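My structure is below; once you've seen it, I'll send some questions.
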Amino acid sequence: IIDAAGKLVSSGLIDMHVHLREPGFEYKETIATGTRSAARGGFTTIACMPNTRPILGTPETIQLVLDKAETEGNGVRVLPYGSITVNELGRELTDFIAMKQAGAIGFTDDGVGVQNAQMMKNAMSLAKSLDMPIIAHCEDESLVVGAPVAEGSFATKHGLKGIPNESEAIHVGRDVLLAEATGVHYHVCHVSTEQSVRLIRQGKAVGVHVTGEVCPHHLILSEEDIPEMDANWKMNPPLRSAKDVEAMIQAVEDGTIDIIVTDHAPHSEEEKAKGMQAAPFGIVGLETAFPLMYTKFVATGRWTLAFLLDKMTVKPAEVFGLPWGKLAEGQEADLTIIDLETEKAVQPDEFLSKGRNTPFTGWKLKGWPAMTMVGGKVVWSE
Ligand code: NCD
Ligand code: ZN
Ligand code: ZN
Ligand code: ZN
């Protein structure tokens, strides 16, 4: 018997954008540590990105992740995405059919971004014929070379080259048009700008099958909040202007953006210590996502609890056609028990992820998961 008195019982959280780093970058994260981190964050299902080494672009690599997740995945459901192009080089398409058969749930260019429009159009046509989604990272490389943060006050103050909003929106616009032409389900990764939102909204209005996701950090932080030259504030897309942040919040509220994801991107302490210019992009997110969203949007009264949970449970399942969004009668429970009362500071030392790279260190939050259950079994408990 589990005593959940005074706590929230929700269907399990679902995160459709996670970097597990295995195979190849086990010093950053493994399937074991990443799933443990997910369970502690209240997530019962996660989808993992293919920018590992080797890249997840063959049935064998997809199978490898599924096998490891089965034995070392701490009971968390792990759904792999396959790479759109061979080795994420943008030159030739991978074998979508074989990867689908092996268990890939969609195809993505996350981390790199397919630059060639014909290549992306071919990928979308093929995905459409297989009834599979394309999940696109959306970044024009030529506009971002050497820029570690967004254009804005922080870049100016520190003499850094800035990433412009167009570098994302140009690809969103391109890919909405290609999705219209091919009829594919196009899901936009980590949307962060007002312009991208506008283009997705227009696409939805004319019936294009386009969906979008946003990360907690792009709903909570702007580039003006970056305190110093600290690479724990460096991620892709970068923190944008306060105006973009408000546009992102409104896009969630009006349904233009469908779901909330973490883009959990662990890196080692050594890598992040290289500084703002040289360090890799990315921050961890699994263990802070729900408390951040709850504290900033529900505890403040802007959103209802039901609205937030919808974006982290029911909607991701709907968007990707997964069976685990809602608790249904007769189904073994995927659920999360959450303590909405106790306030606690974010302490990266306590993370179960190998990654400590977060800009939220010390933030006092409520909404900490207390127990996570997958298929009726407890997979993590406080
Ligand atoms: C991701 C990573 O580290 O793999 N980094 C990031 O800043 N988000 C790649 C990505 O999601 O584009
Ligand atoms: Zn990305
Ligand atoms: Zn793109
Ligand atoms: Zn990512």
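Would you tell me the accessible area of E224, worked out with a 1.4 angstrom probe on the heavy atoms of the protein chains, in Å² to the nearest 10?
E224 has an accessible surface of roughly 120 Å² with all protein chains in place.
Still on this model: In nanometres, what is the gap between the two model label sites at E253 and Q101, each 7 Å from Cα along Cα-to-Cβ?
With each label point 7 Å from Cα toward Cβ, the separation is 5.0 nm.
How high is the FRET efficiency from A117 to R53, r the C-beta distance, R0 25 Å, rounded to 0.05?
Step by step, r from the Cβ atoms, then E = 0.35.
Run the simple label-point estimate for R198 and L305 please: 7 Å along Cα→C-beta, distance reported in nm.
Once both label points are built, they end up 3.9 nm from each other.
Then there is this: Only loop residues by DSSP count here, and only those with at most 16 other Cβ atoms within 10 Å; note down the trypsin sites (Lys or Arg not before Pro) in segment 42-109 that meet that.
Within segment 42-109, the qualifying trypsin sites (Lys or Arg not before Pro) (loop, at most 16 other Cβ atoms within 10 Å) are R91.
Rounded to the nearest 0.05, what FRET efficiency do E224 and E341 have when you use their Cβ-Cβ distance and R0 = 30 Å?
With R0 = 30 Å, the Cβ-Cβ based efficiency is 0.45.
Treat segment 12-58 as a sphere of radius equal to its Kirkwood radius over Cα pairs and apply Stokes-Einstein at 10 °C in a medium of 1.306 mPa s; give the translational diffusion coefficient in µm²/s, rounded to a whole number.
147
How much of the accessible area of segment 89-197, in percent, comes from carbon and sulfur atoms when a 1.4 Å probe is used?
Heavy-atom surface of segment 89-197 belonging to carbon and sulfur, 1.4 Å probe: 52 percent.
How much solvent-accessible surface does D131 expose, in Å² to the nearest 10, with a 1.4 Å probe and all protein chains in place?
Using a 1.4 Å probe on the heavy atoms, I get roughly 140 Å².
To continue, here is another question. Rounded to two decimals, what is Rg over Rh for segment 179-328 when you use alpha-carbon atoms and the Kirkwood radius?
0.99
Please compute, for the alpha-carbon atoms of segment 290-382, the extent along each of the three principal axes and give them in descending order in Å.
Here the Cα extents, ordered largest to smallest, are 41, 31, 25 Å.
Run down the lysines and flag those whose C-alpha is under 30 Å from the C-alpha of K128, throwing out any fewer than 8 positions away in its chain.
Cross-link targets: K68, K100, K204, K311, K315, K326.
Between E350 and I2, what is the label-point separation in nm under the 7 Å Cα-to-beta-carbon projection?
2.0
Still on this structure, I have one more. If you split all Cα-Cα distances of the chain into 10 Å bins from zero, what percentages do you get per bin, shortest first?
The percentages, shortest bin first, are 5, 25, 36, 26, 7, 0.
Tell me the per residue accessible area of segment 251-331 using a 1.4 Å probe; a whole number in Å² is fine.
Here the residues of segment 251-331 average 39 Å² of exposed surface.
OK, next. Could you work out the mean projected area of the convex hull around the alpha carbons of segment 5-139, in square nanometres to one decimal?
8.9
Turning to a different aspect of this structure: Give the accessible area for S241 in Å² (nearest 10); use a 1.4 Å probe, count only protein heavy atoms, and leave out ligands, DNA and RNA.
Estimated to the nearest 10 Å², S241 gives 40 Å².
The values are calculated or read from the model by the stated rules, or taken from the named source; none is laboratory data. Since the model is a prediction, treat every value here as computed from it, not as a measurement. Positions of Cβ are backbone-derived with ideal geometry, glycine not excepted, and every protein chain shown enters the neighbour counts. Each accessible area value is taken on the protein alone, full model and side chains, heavy atoms only, with ligands, DNA and RNA left out. Shrake-Rupley method; radii C 1.70, N 1.55, O 1.52, S 1.80 Å.
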